[in-house]
Amino acid sequence: MEAENTNKNIIVGRNPVMEALRNDREVEKLIVGKGAEGSIKKIVGMAKDKKIPIIMADKITLDRLADGSPHQGIAAYVSAYSYCDVDDILKKAEKRGEPPFIIILDNLEDPHNLGAIMRTAEACGVHGIIIPKRRSVGITDVVVKASAGAVEYISCAKVSNIVQTIESLKEKGIWIYACDMNGETYYKADLKGAAALVIGSEGFGISRLVKEKCDFVVSIPMVGKITSLNASNAAAVLMCEVRKQRDAGKL
């Protein structure tokens, strides 16, 4: 029997949910029946590894979510968002007749930050955002709300390896700029050409391997008592500077 009910954003049943997790389908949250045993423990373990929220529920709640399908004590909310390929992002830039403008997020985990970044990216003319498949937030309902509708217009690609993706972009003539400490002041850098800005995670910044692959490091001067901005704030500052330099170059 088909284990996905009439709500296409909900998958029910142990095997379907496990396959969704194995195939990196974007799972927003897991609903698990109280007292569930057996293979559900393995599924819960997989979800914890991917930092997917897990909610315990009674049988009545699961029956309602399953809408008549056999749920076997588990259900998953999955994202309806359709991710694109990196090539789709480059084609969008080509179609607009503009040098590529890309945001690369290195293990960003806060959905509010991702939503805010998508909102600013859409406003600044970014052609697309690239995120890793693992250890990173995907397009969840929280992201959709935080983006204030921008999720419908900004392309987002999920890749298996950020380092390899950066290498591929560099081969295509795109300069990679890491936003990190001890770099060139961002407004002194030439950001008018084909560019990808790399923004790190909230707690750890950009990973060493990713930073080593970047062409340049740009920094935001901090003169107050707070020594850093959160990811979405830093991304907004840099995206606006790229937009400013590009617009100035048209004059």
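The values are calculated or read from the model by the stated rules, or taken from the named source; none is laboratory data. This one's a predicted model, so the numbers in the text were calculated from it and none came from an experiment. A quick note on method: Cβ atoms are made from the backbone with ideal geometry, for glycine too, and the neighbour counts reach across all protein chains shown. In case anyone asks, the SASA skips ligands and DNA or RNA and just uses the protein heavy atoms, side chains included. Shrake-Rupley method; radii C 1.70, N 1.55, O 1.52, S 1.80 Å.
Where helices (runs of 4 or more DSSP H) fall wholly inside the stretch 68-177, the ranges with 3 or more residues that are of a type in the set (D, E, K, R) and surrounded by fewer than 19 Cβ atoms within 10 Å (Cβ to Cβ) are 86-96, 162-171. Among the residues of the stretch 109-158, those that are touching a Gly at 6+ places or on another chain (Cβ under 9 Å) and either closer than 17 Å to residue 176 by Cβ or of a type in the set (Lys, Arg) (or both) comprise 119, 121, 131, 145, 157, 158.
Tell me, yes or no, whether the stretch 30-39 has at least one residue that is within 30 Å of residue 241 (Cα to Cα), among the aliphatic types (A, V, I, L, M) and either buried (at least 16 other Cβ atoms within 10 Å of the Cβ) or in contact with a Gly (Cβ under 8 Å, 6 or more places away or on another chain) (or both). Even if it seems obvious, please write down each step before you answer.
Here is the first cut: in the stretch 30-39, the ones within 30 Å of residue 241 (Cα to Cα) are none.
Within the stretch 30-39, none of the residues are within 30 Å of residue 241 (Cα to Cα), among the aliphatic types (A, V, I, L, M) and either buried (at least 16 other Cβ atoms within 10 Å of the Cβ) or in contact with a Gly (Cβ under 8 Å, 6 or more places away or on another chain) (or both).
Determine which member of the set 43, 11, 55 is assigned to a strand (DSSP E or B), under 26 Å from the mean Cα position of the chain (by Cα), farther than 24 Å from residue 129 by Cβ and modelled with pLDDT of 90 or more. If you could, list the steps in order and put the result at the bottom.
Details: 43 fails: assigned to a strand (DSSP E or B); 11 fails: modelled with pLDDT of 90 or more.
Being assigned to a strand (DSSP E or B), under 26 Å from the mean Cα position of the chain (by Cα), farther than 24 Å from residue 129 by Cβ and modelled with pLDDT of 90 or more holds for just one of 43, 11, 55, which is 55.
Cβ separations smaller than 7 Å between residues 6+ apart or across chains give the following pairs from the stretch 96-108 residues that are closer than 11 Å to residue 195 by Cβ to residues that are open to solvent by 10 Å² or more (accessible area, probe 1.4 Å): 99/193; 99/194; 100/90; 100/194; 101/125; 104/162. Does residue 217 fit the bill of being in contact with a strand residue (DSSP E or B) (Cβ under 8 Å, 6 or more places away or on another chain) and outside any helix (DSSP H, G or I)? Judged against the criteria, residue 217 is a match.
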